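See below for the structure under consideration.
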Amino acid sequence: MSDPHQTSDPIHEYYQVTENCYTDIRAAREAFGCKLTTVDQYDQMEKALGIMYLHCPEDIMEIVLGTIEEATWRRPYFNFPLTYME
């Protein structure tokens with residue numbers, strides 16, 4: 001009988017690896033550190049960080065949350081509308 005708590009979700013499995021999370025956090029920081037980032041890219045980056053937060057190991061949740069908060073604060077720097085205002 002299969003374990004109901006076991007998942008075969010590839011996203012969950014990917015973000016359970018701490019190094020994968022750090023790699024994607026690095027990519028997110030590069031995105032919100034570059035003026036060439038488009039609104040769509042920024043939105044996708046924020047969504048990916050949210051998904052990462054739901055699946056990442058507990059010991060790095062605060063790092064992921066801090067990256068999400070930093071991305072939110074940097075959004076006006078790009079003159080992008082705030083997502084909760086849409």
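Apart from one condition, residue 40 fits all of (1) at pLDDT 95 or above; (2) among the acidic types (Asp, Glu); (3) exposed (fewer than 11 other Cβ atoms within 10 Å of the Cβ); the exception is (1). For segment 25-37, the criterion of being without any contact (Cβ under 8 Å) to a residue 12 or more places away in the chain and aromatic (Phe, Trp, Tyr) is satisfied by no residue at all. Where helices (runs of 4 or more DSSP H) fall wholly inside segment 3-71, the ranges with 3 or more residues that are within 16 Å of residue 82 (Cα to Cα) are 39-55.
The values are calculated or read from the model by the stated rules, or taken from the named source; none is laboratory data. In this text the structure is predicted, and so the values were computed from the model without any measurement. Cβ atoms come from the backbone with ideal geometry, glycine included; neighbour counts cover every protein chain shown.
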